[in-house]
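A.B. asks: Once you've had a glance at the structure underneath, I'll fire off some questions.
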Amino acid sequence: MEILTKRDFTLRKRELQRKIMEGAIFIYPTDTIYGIGCNALNSAAIQKIRKIKQRPNSAFSIWAPNKEWIQNNCDTSSELATEYLDKLPGPYTLILLQKKGHHLPEIINPAKNSLGVRIPHHYLSNFFHEMEIPIITTSVNKSGERFMTTLETLDPDIQAQVNFIIYDGEIKNKPSKIINCVTKEEIERE
């Protein structure tokens, strides 16, 4: 497992893109908190994150490569969806219905046809936009435990199961605000 600074990341972007495409599990900063993720089109990698987080069935969100990807794969026709789509990139997770014919593995949200989508206001958004694929995005913690804010608060069991970490120092923000565009409610997480 490697710990990469923003400079390391910049110098090794192409190599990291290849690793992600091949199924690497990695930790990364966002505009809110640290996330753990993988290529959201790789079911085997997603299953590894389920095991790491001890979340066998709960829905995961994705970091969308761009707004067009969201519009092509999700129903964004509601007034609430349009309002918050205009606020992206930003600290929001939008819960949207998936359109028929989307190409995401069912393992992302086994129980429903909805999807949580984000585009954080962060330099990594450009990186994922270039890759043109969605990335699983979920907090770095085991289910029910406190999420990572620094390397010192990273669970050693999780650290042992990731391929690399892009580390920007301490992040002490709140998780993203959830905007459920299906039920039309805003959910503030503590």
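Any read-out appearing in this document is the output of simple, stated calculations on the displayed coordinates, not a laboratory observation. Predicted model only: the values in this text are computed from it and were never measured. Quick reminder, even Gly has a Cβ in these numbers, built from the backbone with ideal geometry, and neighbours come from all protein chains shown.
A.B. asks: Expressed as a rounded percentage, what relative contact order does the range 126-190 have, with Cα pairs under 8 Å and six or more residues apart?
C.D. replies: Details: 45 pairs, mean separation 12.4, N = 65.
Contact order relative to length: 19 percent.
A.B. asks: Tell me which aspartates and glutamates have Cα within less than 18 Å of K13's Cα, excluding those fewer than 8 residues away on the same chain?
C.D. replies: Result set, ordered by chain and number: E2, E22, E130, E132, D168.
A.B. asks: Okay, next question. Test of understanding: extend the Cα→C-beta vector of R146 to 7 Å, then name every residue of the range 154-176 with backbone N under 12 Å from that spot.
C.D. replies: Answer for the range 154-176: 154-155.
A.B. asks: Between R12 and N173, what FRET efficiency follows from the Cβ-Cβ distance if R0 is 35 Å, with the result rounded to 0.05?
C.D. replies: Values: r = 26 Å, r/R0 = 0.74.
Efficiency at R0 = 35 Å is approximately 0.85.
A.B. asks: A further question on this structure: From the cross-link list K142/K174; K51/K99; K48/K184, which pairs have alpha carbons spaced over 21 Å apart?
C.D. replies: Checking Cα-Cα distances, K51/K99; K48/K184 exceed 21 Å.
A.B. asks: Separate question: Using only DSSP helix segments of four residues or longer, with each worth -39500 (n - 2.57), what per-residue ellipticity at 222 nm results for the chain after dividing by its residue count and rounding to 500?
C.D. replies: On the way: 7 runs with 52 residues, N = 190.
After summing the helix terms and dividing by residue count, I get -7000 deg cm²/dmol.
A.B. asks: Whole-Å semi-axes of the chain's equivalent ellipsoid, largest first, each the root of 5 times a Cα gyration tensor eigenvalue? Please report the intermediate quantities before stating the final value.
C.D. replies: Numbers: eigenvalues 121, 61, 57 Å².
Its equivalent ellipsoid spans semi-axes of 25, 17, 17 Å.
A.B. asks: Select from N113, A44, P65 the residue farthest towards the positive end of the dipole of the chain; place +1 on Cβ of Lys and Arg, -1 on Cβ of Asp and Glu, and compute about the Cα centre.
C.D. replies: So the residue furthest toward the plus end is A44.
A.B. asks: Using the beta-carbon distance between D157 and N180 and R0 = 41 Å, what value does 1/(1 + (r/R0)^6) give for FRET efficiency, to the nearest 0.05?
C.D. replies: Working: r = 31 Å, r/R0 = 0.76.
Computed FRET efficiency for D157 and N180: 0.85.
A.B. asks: Could you quote the convex hull projected area for the range 9-76, Cα atoms only and averaged over all directions, in nm²?
C.D. replies: On the way: hull surface 23.0 nm².
Across all orientations, the range 9-76 yields a mean hull projection of 5.7 nm².
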